[in-house]
Structure formats: C-alpha cells, structure tokens
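For reference, the structure discussed in these notes is given below.
The values are calculated or read from the model by the stated rules, or taken from the named source; none is laboratory data. Here the structure is a predicted model, which means the values were calculated and not measured. Neighbour counts run over all protein chains shown; Cβ positions are idealised from the backbone, glycine included.
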Amino acid sequence: MSEETPRGGAQIVPRPKVWSRVESTPWNSSVNLEISGHLINEIVDSEDLPIQPAFDEARHAAVLVALAPGEHGYEVLLTRRSQALRQHKGEISFPGGRMDPGETATETALREAHEEVGLDPSLVTITGELSHVNTVVSMSYIIPKVGLLEAPVPLAPQTMEADKVMWVPLNVLTASGTYHGELWGSPPTDRLLHFFELADETVWGATGRMLVDLLVRLYSSVD
C-alpha cells in the first residue's frame, strides 16, 4: 500500500454532518471459526424468504454472493462499480441487477454475474439466500442469493458496469482494523452503517449490510 493511497482507498463517502464511529463488530470476533461449505449451507436461508419491500414502488433486484475456498480460506466475489455510472460509482458491490419480468432471483443473480464478470453459471451451486435489503437512495429491494464454487476462478469486467473484480478472503474482512460501524444522524433517528476498509477499497452501503449479515450468521453458528 503506497503512502498516497490510504487504507480504504480513495473512495469518497458522503457522510452527514452528524455521525459517530463504532468500533465493536456485530459478530463475536473472539471466536476461532473454521468456515466450510457445509457451514455456509447451514447458516443461509434455504427456503425463499417472503417478498416484502418497504416501498410499493421499489424495484426488485438480486445479487450473487459467491463464495469459494481459496488459499487463505473462503473468499467472496466483489466488484467495483465503474466511475462512468450515474449512481454509486466507484462503490464495491456484488454482481447483480434488476430482475427481468418472469425471472426468479436466482436466475437474475446468475445472469448478471455472467454478464458483468463472465462467471459461468454452471460453476455455481446456489445454496440459499441472506436477508433481503431495502435501499432508500436507489429505491431497490435486493435479494442476495448465496452461491458456492469449488475454487475462485479468474474473472474480469465484461461490461462498463464494473471496472474491477476481486476475490476477498473472509478472514481479511474480519481482521482487526478492517471493520467499523458508523452511526449517521442524531438519536432517535440515527442509523448504523457498516464499513470494511481494505488495503485499497472501502466496502459499505448495501454490500456492507449483506456482508455483516453473512458474518453474523457464520459466527453465531458456534456460540
């Protein structure tokens, strides 16, 4: 990491005037956890959750939370959105997008991952899903489908939507100093946001929420 690029990269986060930092992790960071495909199967929701958007006009979307055993344990597939996009440019996300009419969330997640980063759907075994996420800014209702691969495969951006593809070990996300929370606003209307500061990127927003959901489920499995 160069002196010019601080931890977390160059991404600008639009923080409000009033906010405070939270250091404690939402998961039990003292647990020594060995992640396996079997454990991931156990902690995700195997049955489709009810579709309950917070807004009547919410646009339904699905993302693929792809996980694979790598050299340093299980890794998760992330992309960086292109700076050419109008919304959320430069942000880290899961491959995914809007659901086409008649499509299931699984079909959307696999199609979008293939279109965005060239991931062959036949390499992915969908094992379940995480909690659905409502977003206010983009008025989206996101269904995160969890998929397992036998190993991380080389991938690259296939469209202008993404300009970077990463396999990030989960133990990097849980390493000391990577995660912090932020309370945005003043009580009682403040809200907690999740941040993962990697060596050169910051993961936050809806992607941060979904990663925290995954990690809390994993670490709660050994409580």
Residues of the range 20-40 satisfying the condition of being surrounded by 14 or more Cβ atoms within 10 Å (Cβ to Cβ) and not polar (S, T, N, Q): Val22, Pro26, Trp27, Leu33, Ile35, Gly37, Leu39, Ile40
Can you tell me which residues in the range 97-136 are out of contact with any Leu (no Cβ under 6 Å at 6 or more places or on another chain), in a strand (DSSP E or B) and touching a residue at least 24 places away in the same chain (Cβ under 8 Å)? Gly97, Arg98, Gly128, Glu129, Val133, Asn134, Thr135
If you check Ala113 against the conditions, is it among the small types (Gly, Ala, Ser), surrounded by fewer than 16 Cβ atoms within 10 Å (Cβ to Cβ) and either under 27 Å from Ile12 (Cβ atoms) or touching a Pro at 6+ places or on another chain (Cβ under 7 Å) (or both)? no
For Pro53, indicate whether it is surrounded by 15 or more Cβ atoms within 10 Å (Cβ to Cβ), farther than 24 Å from Asp163 by Cβ, modelled with pLDDT under 95 and not β-branched (Val, Ile, Thr). yes
Looking only at the range 79-96, count every residue that is in a loop (DSSP other than H, G, I, E, B) and either at pLDDT 90 or above or surrounded by 14 or more Cβ atoms within 10 Å (Cβ to Cβ) (or both) and tell me the total. 7
Are there any pairs with C-beta distances below 7 angstrom linking a residue in the range 24-43 that is of a type in the set (A, V, I, L, M) to a residue that is part of a loop (DSSP other than H, G, I, E, B) and surrounded by 14 or more Cβ atoms within 10 Å (Cβ to Cβ), with the two at least 6 apart or on different chains, and if so which? Leu39/Ser221; Ile43/Ser221
For the range 158-211, which positions are touching a helix residue (DSSP H, G or I) at 6+ places or on another chain (Cβ under 7 Å), more than 17 Å from Trp27 (Cα to Cα) and hydroxyl-bearing (Ser, Thr, Tyr)? Thr159
